[in-house]
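**Q** Dropping the structure in here first, questions after.
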Amino acid sequence: MRKLDGKATAALIRQELAGQIEVLRKNHGREPGLAVMLVGDDPASQVYVRNKERACAEVGIRSEGFRLPADVTQEEVEAIIARLNADPGIDGILLQLPLPRGLDSQRCLERIDPSKDVDGFHPVNMGRLTLGLPCLRSCTPAGVMALLAKYDIDVAGKKAVVIGRSNIVGKPVALMLLQANATVSICHSRTAHIANEVRNADIVIAAVGIPHFVTADMVRPGAVVIDVGINRTDQGLVGDCDYAGLESVASAMTPVPGGVGPMTIAQLLVNTVEAYRVHVAQGQDA
Ligand code: NAD
């Protein structure tokens, strides 16, 4: 079985980006800027945000952190977003989810200028993705597609089964696979006989949030398995797939950790540079 090494692939992407950003900075007189908003003190979110800021620093993206207390009001969050939308030095706005209770995350996300929506969650970007138009694509699904491409895994004409239908992973990854000409099924919590569905797949994408949900008997020998799940257990971080059991069944598979997680962060950097290119081309800095 081939291990699809997201950690190494993400490191390569960061290296390439660092070179590009160096040139862009010289040509346009400023570096790409990312605003990172964290509301409240969720420990997992704090780790994610720290990792994202560290990755920005490594490639030469200027990140500006906004740490807000859990009791911040909806209006205050929206006011900061409005200010960042108007700031010509900011190319991307990342609002770390989930938000504390009492805040309407969808409303906040919809306040972000779609050209700065580096998480690709704004309805404009999701809509454009659905239409097959250029857009900022959400980071985890785009990271999955980049990893498949890196390993020359062509999805065209293949049967892909996505397990999970969330707006941040399942739905957009299904759309991206469709765009890449796979034949796509989406399974979810109400799917009957899920093992039979998964057994049809040449490519399995697991985004369920249940440790070891996908077992060896559910997967066709030779299938490619992408494990998006990140589950904190007493045994540490585990994915949605039984990696040990699948090693002798799958032809290629992502580990957890070290698979999709690092690709997600790399894609955030890619998206920020993409947004920057659009902004400088529009002469936003003029
Ligand atoms: P979610 O809870 O929003 O969605 C889970 C999906 O799984 C739902 O659509 C649901 O229908 C489906 N599901 C739940 N129980 C099921 C069952 N018994 N059978 C079939 N389907 C079932 O989660 P999410 O935000 O899409 O994340 C999924 C997993 O991916 C989580 O473990 C999360 O931590 C992880 N994740 C990882 C990254 C990364 O960077 N690697 C990014 C985002 C999410």
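The values are calculated or read from the model by the stated rules, or taken from the named source; none is laboratory data. The structure displayed is predicted, hence computed values, not measured ones. Neighbour counts are summed over all protein chains in view; Cβ atoms, including those assigned to glycine, are modelled from backbone coordinates with ideal geometry. These accessible areas exclude ligands, DNA and RNA; they are computed on the full protein's heavy atoms, side chains included. Shrake-Rupley method; radii C 1.70, N 1.55, O 1.52, S 1.80 Å.
**Q** Please go through the range 96-121 and give me each residue that is touching a Lys or Arg at 6+ places or on another chain (Cβ under 9 Å) and either without any contact (Cβ under 8 Å) to a residue 60 or more places away in the chain or in the same structural domain as ASN51 (by TED's automatic domain parsing) (or both), ordered by number. Spell out the reasoning first.
**A** Of the range 96-121, the ones touching a Lys or Arg at 6+ places or on another chain (Cβ under 9 Å) are 96, 114, 120.
Result: GLN96, PRO114.
**Q** Given the structure, is HIS193 without any contact (Cβ under 8 Å) to a residue 24 or more places away in the chain, assigned by TED's automatic domain parsing to the domain that holds SER166 and more than 13 Å from CYS241 (Cα to Cα)? Spell out the reasoning first.
**A** Working: without any contact (Cβ under 8 Å) to a residue 24 or more places away in the chain: yes; assigned by TED's automatic domain parsing to the domain that holds SER166: yes; more than 13 Å from CYS241 (Cα to Cα): yes.
In short, yes.
One line per residue, one yes/no per condition, for (1) under 19 Å from SER185 (Cβ atoms); (2) part of a strand (DSSP E or B):
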position: HIS212; (1), (2): no, no
position: GLY222; (1), (2): yes, no
position: GLY229; (1), (2): yes, no
position: LEU237; (1), (2): no, yes
position: GLY245; (1), (2): no, no
position: SER248; (1), (2): no, no
position: VAL256; (1), (2): no, no
position: THR264; (1), (2): no, no
position: LEU268; (1), (2): no, no
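**Q** Could we say that VAL278 is assigned to a helix (DSSP H, G or I) and open to solvent by 60 Å² or more (accessible area, probe 1.4 Å) here?
**A** yes
**Q** Just to be sure I understand, how many residues within the range 13-24 are within 20 Å of ASN51 (Cα to Cα) and either in the same structural domain as ILE226 (by TED's automatic domain parsing) or touching a helix residue (DSSP H, G or I) at 6+ places or on another chain (Cβ under 8 Å) (or both)?
**A** 5
**Q** Given the structure, is ILE168 in a loop (DSSP other than H, G, I, E, B), within 14 Å of the ligand (Cβ to nearest atom) and open to solvent by 20 Å² or more (accessible area, probe 1.4 Å)?
**A** yes
**Q** In the range 191-202, which residue that is of a type in the set (Gly, Ala, Ser) and either open to solvent by less than 40 Å² (accessible area, probe 1.4 Å) or away from the ligand (no atom under 14 Å from the Cβ) (or both) is nearest to ASP217 (Cα to Cα)?
**A** My answer is ALA195.
**Q** Quick one: in the range 174-190, of everything that is closer than 21 Å to THR140 by Cβ and near the ligand (Cβ under 9 Å from one of its atoms), which residue is most open to solvent (accessible area, probe 1.4 Å)?
**A** SER189
**Q** Taking the condition of being among the charged types (D, E, K, R) and touching a Leu at 6+ places or on another chain (Cβ under 8 Å), how many residues in the range 9-64 meet it?
**A** 5
Residues are listed down the side, and each one gets a yes or a no for (1) without any contact (Cβ under 8 Å) to a residue 60 or more places away in the chain; (2) outside the structural domain of PRO255 (by TED's automatic domain parsing); (3) over 30 Å from GLY92 (Cα atoms); (4) out of contact with any helix residue (DSSP H, G or I) (no Cβ under 8 Å at 6 or more places or on another chain):
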position: GLY164; (1), (2), (3), (4): no, no, no, no
position: ALA182; (1), (2), (3), (4): yes, no, yes, yes
position: SER185; (1), (2), (3), (4): yes, no, yes, no
position: ALA201; (1), (2), (3), (4): yes, no, yes, yes
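**Q** So for the range 123-131 (the condition being in contact with an Asp or Glu (Cβ under 9 Å, 6 or more places away or on another chain), open to solvent by 40 Å² or more (accessible area, probe 1.4 Å) and of a type outside the set (Lys, Arg)), does at least one residue qualify?
**A** Scanning the range 123-131 turns up at least one residue that is in contact with an Asp or Glu (Cβ under 9 Å, 6 or more places away or on another chain), open to solvent by 40 Å² or more (accessible area, probe 1.4 Å) and of a type outside the set (Lys, Arg).
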